[in-house]
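One structure is given here, and the rest of the page talks about it.
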Amino acid sequence: MDRKIVIPGELISENEQNAGYGTYVKDGNVYASVYGVLNVKNKVDVIPFSGKYVPSKKDYIIGTVTDVTSSNWLFDIRSPYTGMLHVSEFPKRVESSKMSEYIDVGDSAILRVKDVDQSMKIELTLRERGLKRVKQGRVLEFPPSKVPRIIGHGGSMVSMLKKETKCEIFVGQNGRIWISGSEEKMDQLTDAIRLIVKESHIHGLTDKIYDFLTNEKNVIDIETYVSSQDEIEFQEDDEIPEDIHRKVDALLDSSED
Amino acid sequence: MSDKPDKFIDDDGLRLDGRRFDEIRPMKIEIGVLSRADGSCYLEWGKNKILAAVYGPRTLHPRRKQIPDAALIRYRYNMASFSVEERVRPGPSRRSVEISKVSAEAFEPVVLTKYYPNTVIDVFTEVLQADAGTRTAAINAASLALADAGIPMQCLVSACAVGKVDGKLVLDLNKEEDNFGDADLPVAMTQDGEVTLLQMDGNLTPDELKESLEMLKKGCTEIFEIQKKALYTKFGKDPVLDVDDIDDEDDEGLAQIQVELDDSEGEDVELDEDYLDVDEELEEAVEVIEVEEDPDKKGISNLSDEKEDDSDEQ
């Protein structure tokens, strides 16, 4: 599908009812406010190429602890603001002196944004099914604007990645992804994610990544069967001389003429 | 410095560098040149070479400078010591501090700072080579770097200068015209012609000022077109991207993640059921299996086992 690039200040609609995100309204007209790709659906949106993650309520994110205070864990959530996880939002009763035994500085966790107030105080929670401290695997970072590309159309990309690499995957809305599986598979997945971020604006990305993952498997297969390949080469060697003989004969014939 | 030319405009009406009176110098733009910056731009305008970088929005320290309902724009204009013939003393000078201030104010009306309260948007513009009109060149570069950083703005800012040489108004001064001319009027404006920066050095009559502003409008529109083209062609020659399945994603993104969570819950329901106590027991069980599989991990898992025992005792 073709998408038009728009720049800040570009007129994108003359009906102010159409204003979606990445836009602003002036004198009844809708203008783009960010540099990105125009997306016309029931509303007119601009999907930005880049930008910082701004937390909003109910987002699933992956945070890393930067500090433990007397009643809060402070998380770096790749946003201009720090996230706060209060002890009461931890699934179990924790004494304030033992907080760092459960989650310590440097640990990562899958969290949900409980509330964001006017002054951008961000309250996080772990009190929900599926939320947990990350204990194994890897956390990778990528530009938050690429989150939709990694999830794919209706989750197609993520489910494909899960199926092909047999890794557990969780995509945080703040541009962090948690993966867990065998070391080899995680290496492969890391490369695949890098490729998604790099080639995020091309057509048929999911298929391309699928090819990338399956082809890499082929490379591994070939390497493990090097000996059989050698045999094939030897067979070819035996056949080649006949061809050469014929060619040499033909050359000799022509030179005699 | 006494090499003042006798004539700034020759008999054919051409300037020292062969331009017409209302012609700007050639401009070359590259966007996204710095990998560690959130947005960046390298701009060459005649003999000017400018590098602009944008970081943020990010947390502002010291906290007393934070604005509770907006982001602060911190703009730094700096000339490299090697940017001109005579070495300039490195560090902020009276001149560069002033330019930084007015340039920040040139962006304040257009950047939608209200979306990022208590933060700072850092803009750094470095003049690597100077040849008159560096503040306008820096503003043009910073404008693109801000767009590249994904910062919401009402529109781009374009800047240009008009000066007076030999009693005639000329657009976009070069070095000789700047040094020996009678007036210099740098102006920054939006695409609608709203002026966000205006400074003047020298003398202009009210009529000349009016005429200058008309010339500047034309010059800035020209620059705006160049900026626009640079942004459109960042990902290739075509201003239309061939992108698939972007739509629906944002709406379904959240739902998808929810689905994902439900999936993972299926795999380790017990982990979440009774919270941490069960969780740790299971972890131990998992680690025992790992030890059998992978002797290298033995040390690590033993350590963590001991740790968990300690915490149980306490």
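Brief remarks on what is shown
- Residues that are at pLDDT below 90 and in a loop (DSSP other than H, G, I, E, B), drawn from the stretch A:1-19: A:Met1
- Cβ pairs under 6 Å, 6+ apart, first in the stretch B:188-216 and within 14 Å of chain A (Cβ to nearest Cβ), second open to solvent by less than 90 Å² (accessible area, probe 1.4 Å) and part of a loop (DSSP other than H, G, I, E, B): B:Thr190/B:Cys155; B:Gln191/A:Gly9; B:Gln191/B:Cys155; B:Thr196/B:Pro109
- Condition met for A:Ser182 (surrounded by fewer than 19 Cβ atoms within 10 Å (Cβ to Cβ), at pLDDT 85 or above and of a type in the set (Gly, Ala, Ser)): yes
- Scanning the stretch A:135-166 for residues that are open to solvent by less than 30 Å² (accessible area, probe 1.4 Å) and without any contact (Cβ under 8 Å) to a residue 24 or more places away in the chain turns up A:Ile151, A:Gly155, A:Val158.
- Neighbours by Cβ (under 6 Å, 6+ apart or cross-chain): first from the stretch A:63-85, open to solvent by 30 Å² or more (accessible area, probe 1.4 Å); second assigned to a loop (DSSP other than H, G, I, E, B): A:Arg78/A:Tyr53; A:Arg78/A:Asn174; A:Arg78/A:Gly175
- So B:Ala132, is it on the phi > 0 side of the Ramachandran plot and either of a type in the set (A, V, I, L, M) or touching a strand residue (DSSP E or B) at 6+ places or on another chain (Cβ under 6 Å) (or both): yes
- Among the residues of the stretch B:114-139, those identified as within 14 Å of chain A (Cβ to nearest Cβ) and either within 18 Å of B:Ser83 (Cβ to Cβ) or part of a helix (DSSP H, G or I) (or both) are B:Lys114, B:Tyr115.
- Lone qualifier among A:Lys92, A:Lys132, A:Lys57 - being closer than 29 Å to A:Arg194 by Cα, free of Cβ contacts under 8 Å to residues at least 24 places away in the same chain and open to solvent by 40 Å² or more (accessible area, probe 1.4 Å): A:Lys132
- In the stretch A:20-41, the residue that is farthest from the other protein chains (Cβ to nearest Cβ) out of those that are within 18 Å of B:Asp148 (Cβ to Cβ) and outside any strand (DSSP E or B) is A:Gly22.
- Counted residues, the stretch A:91-128 - those being within 9 Å of chain B (Cβ to nearest Cβ) and under 21 Å from A:Trp178 (Cα atoms): 4
- Among residues of the stretch B:54-72 that are in the same structural domain as B:Pro152 (by TED's automatic domain parsing), those with a beta-carbon under 6 Å from a residue that is of a type in the set (D, E, K, R) at least six positions away or on a different chain give the pairs B:Val54/B:Asp38; B:Tyr55/B:Asp38; B:Tyr55/B:Asp122; B:Gly56/B:Asp122; B:Pro57/A:Lys52; B:Ala70/B:Lys114.
- When residues in the stretch B:196-237 are screened for being farther than 30 Å from B:Asp148 by Cβ and in contact with a strand residue (DSSP E or B) (Cβ under 8 Å, 6 or more places away or on another chain), 9 of them pass.
- When restricted to residues that are within 11 Å of chain A (Cβ to nearest Cβ) and out of contact with any Leu (no Cβ under 6 Å at 6 or more places or on another chain), the stretch B:42-59 contains 5.
- Answer residue from the stretch B:60-82, given it is assigned to a strand (DSSP E or B) and open to solvent by 60 Å² or more (accessible area, probe 1.4 Å) and is nearest to the other protein chains (Cβ to nearest Cβ) among those: B:Arg74
The values are calculated or read from the model by the stated rules, or taken from the named source; none is laboratory data. Given the structure is predicted, the values throughout are model-derived calculations rather than measurements. Because the Cβ atoms are built from the backbone with ideal geometry, glycine has one as well, and the counts that use them run over all protein chains shown. The protein model used for the area step is the full one, side chains on, heavy atoms only, and it has no ligands, DNA or RNA in it. Shrake-Rupley method; radii C 1.70, N 1.55, O 1.52, S 1.80 Å.
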